[in-house]
1. Quick check: pseudo-label points 7 Å beyond the Cα along Cα→Cβ at S27 and R111, how many nm apart are they?
2. What is the ratio of the Cα radius of gyration of segment 67-147 to 2.2 N^0.38 Å, where N is its residue count, to two decimals?
3. Can you give the three extents of the C-alpha atoms in segment 137-211 along their principal axes, from longest to shortest, in whole Å?
4. Answer rounded, prolate or oblate for segment 88-130, using the Cα gyration tensor with square roots of eigenvalues a ≥ b ≥ c: rounded when a/c is under 1.5, else prolate when a/b is larger than b/c, else oblate.
5. Using the Cα centre of the chain as the reference point, and only Cβ charges (+1 on K/R, -1 on D/E), how large is the resulting charge dipole? Debye, rounded to the nearest 20.
6. Identify, among Q62, A137, Y116, the residue whose Cα sits farthest towards the positive end of the charge dipole of segment 7-163, taking +1 on the Cβ of Lys and Arg and -1 on the Cβ of Asp and Glu, with the dipole about the Cα centre.
7. Need one number: the % of Cα-Cα pairs in segment 67-211 sitting beyond the 24 Å mark.
8. Taking R0 as 30 Å, what FRET efficiency do you get between E195 and V20 from their Cβ-Cβ distance, rounded to the nearest 0.05?
Amino acid sequence: MGILMTGLISLAGVNIVLGVRRLWRRSLEARMVRQARAWPGLDVYHADLLSAAEPLCSAKYQPGQLQRNSYRAADVAVRLMRQDGILRRDGLELADNAAEPAHPVTAAAFRAISRYQAVGIQPSQGDIGRDDALRGAVGAHLNTLFRHAPATRRHVDTATNTVGLWSYALGAAAPAVHAFLLMRRSAPADPDVTEGSFVLASLVFVAALIVITAQAGNTWHPLEYPAVPSGLRELAPSGEDSLGPVDAAGAGDDAGGIAAGG
């Protein structure tokens with residue numbers, strides 16, 4: 001009966017933690033949207049990256065995340081240059097007499113294409129995204145976002161999913177530890193009882209984990225991959241027509257001033 005009571009208390013605790021976690025997540029999302037919208041230097045690169053359900057990273061010690069950000073930025077840069085007539089419509093080839101764009105990220109993509117073109121190679125968009133100079137430009141550009149909207153530095157899913165996993169594990173561990181101590185107390189010096197206590201604790205842990213995931217998991221869905229907050233999703237331009245003016249705004253930002261963003 002004592003183990004059952006411990007399990008019920010543990011289940012109640014997990015539900016409370018997951019309920020607080022949901023409120024915390026909404027608070028983080030609201031702060032991210034508020035800070036991003038309040039910064040006039042937000043440009044199309046920031047908006048596109050914020051609208052994706054993936055972590056933002058400006059540091060080389062997280063190369064995988066920075067690389068994914070660079071791929072998305074390369075896609076935006078190609079669309080911008082194609083819209084402005086810098087790229088030919090067919091393939092990634094610079095138009096005749098194309099001038100280097102002012103925006104640092106677009107300029108890095110321009111120079112990457114130019115280097116490939118100089119040796120007679122037509123790159124893929126992935127080649128541009130893997131360019132070291134473009135990755136550096138994307139990292140520096142994200143740093144401007146993090147300085148003015150620090151809440152965007154934290155990936156909400158990473159933090160809240162960790163809370164969900166720990167609540168599951170600790171919630172199931174409580175009755176398991178209770179079962180282990182209860183059985184071992186009957187004969188502390190008996191090695192067979194000690195071994196049996198571990199077996200019992202393992203079975204109780206599995207049973208408790210099943211109950212917790214069935215009840216609390218179906219109630220709160222803590223590990224479900226959520227959609228991007230609508231406030232951030234709306235920041236991304238809906239079509240190519242909205243890309244050009246925002247690109248120019250971003251150039252002013254990285255040059256030192258804060259320009260009007262899209």
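The values are calculated or read from the model by the stated rules, or taken from the named source; none is laboratory data. Every value quoted in this text rests on a predicted model; they were computed, and no experiment measured them. We place every Cβ from the backbone using ideal geometry, glycine too, and count neighbours over all the protein chains shown. The accessibility values were calculated without ligands, DNA or RNA, using every heavy atom of the protein model including side chains. Shrake-Rupley method; radii C 1.70, N 1.55, O 1.52, S 1.80 Å.
1. With each label placed 7 Å out from Cα toward Cβ, I get 4.3 nm.
2. On the way: Rg = 12.0 Å, N = 81, 2.2 N^0.38 = 11.7 Å.
Here the Cα radius of gyration is 1.02 times the empirical estimate.
3. Ordered largest first, segment 137-211 gives principal extents of 65, 25, 16 Å.
4. Numbers: a/c = 1.56, a/b = 1.13, b/c = 1.38.
Oblate is the answer for segment 88-130, as a/c is 1.5 or above yet b/c matches or exceeds a/b.
5. Working: 24 positive and 24 negative charges, 160 e Å.
Value, rounded to 20: 760 debye.
6. Of Q62, A137, Y116, it is Q62.
7. On the way: 5984 of 10440 pairs.
Considering segment 67-211, 57 percent of its Cα-Cα pairs are separated by more than 24 Å.
8. Working: r = 38 Å, r/R0 = 1.28.
Using R0 = 30 Å, I get an efficiency of 0.20.
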